[in-house]
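S.K.: Mind having a look at this structure? Questions to follow.
The values are calculated or read from the model by the stated rules, or taken from the named source; none is laboratory data. Since we're looking at a predicted model, the values are computed, not measured. Note that each Cβ is placed from the backbone with ideal geometry, even for glycine, and that neighbours are counted across all protein chains shown.
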Amino acid sequence: MRAAGFTGIEDTEALAEGWQVTDFADAGRRSLANLVQQTGAPAVMVSFLDSDVGFIEARTPDGGSWEGLLNRETAESYEIPLEHFPIEPAVAGALAWSAAAGLTPDEEAIRQTLTGSALFAEELSSALLVALGLPGAT
């Protein structure tokens, strides 16, 4: 991850089938793309704004990508333009990403995660990983 441009890499949790979740402090503009290129594996990244809002970016080795937003109600209170994060393209992108990653996603759970609210965006991020079908995610 360091070589891809991530900094402040901390805890890494191993999930099933080679998946992992890693906390990091910062990522460069192309860090996720670099990571996917270097590993040849799909990846999803959630960047948090004060634990209140999560910005999702996901990529696959074949160039597929999607973006989304977690905790829309709170994001709106921060005056983040919700129109930049439409729900339907994010759901479609998440489903395509999961399929490309060989996972079995739950479309309704993805939709609920992308439209739901939580005290901390990290809760929605964990729910998103489960909804995407990452084995061992909780």
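S.K.: Name the one entry in I56, I80 that is over 10 Å from the mean Cα position of the chain (by Cα) and at negative phi.
M.R.: I80
S.K.: Among the residues of the range 58-105, count how many are charged (D, E, K, R) and within 18 Å of V21 (Cβ to Cβ).
M.R.: Count: 1.
S.K.: If you don't mind, another one. Please verify whether A94 is buried (at least 18 other Cβ atoms within 10 Å of the Cβ), in contact with a strand residue (DSSP E or B) (Cβ under 8 Å, 6 or more places away or on another chain) and more than 19 Å from L35 (Cα to Cα), treating the condition exactly as stated. Steps first, please.
M.R.: Working: buried (at least 18 other Cβ atoms within 10 Å of the Cβ): yes; in contact with a strand residue (DSSP E or B) (Cβ under 8 Å, 6 or more places away or on another chain): yes; more than 19 Å from L35 (Cα to Cα): no.
Taking the combined requirement at face value, the residue does not satisfy it.
S.K.: Continuing with the same structure: If I filter the range 105-124 down to residues being buried (at least 20 other Cβ atoms within 10 Å of the Cβ) and touching a strand residue (DSSP E or B) at 6+ places or on another chain (Cβ under 8 Å), which single residue comes out as nearest to H84 (Cα to Cα)?
M.R.: L114
S.K.: Answer yes or no: is there a residue in the range 56-63 that is out of contact with any helix residue (DSSP H, G or I) (no Cβ under 8 Å at 6 or more places or on another chain), in a loop (DSSP other than H, G, I, E, B) and closer than 16 Å to L32 by Cα.
M.R.: Yes.
S.K.: Are any of the residues in the range 12-25 at pLDDT 95 or above and farther than 19 Å from G133 by Cβ?
M.R.: The answer is no, given that none of the residues of the range 12-25 is at pLDDT 95 or above and farther than 19 Å from G133 by Cβ.
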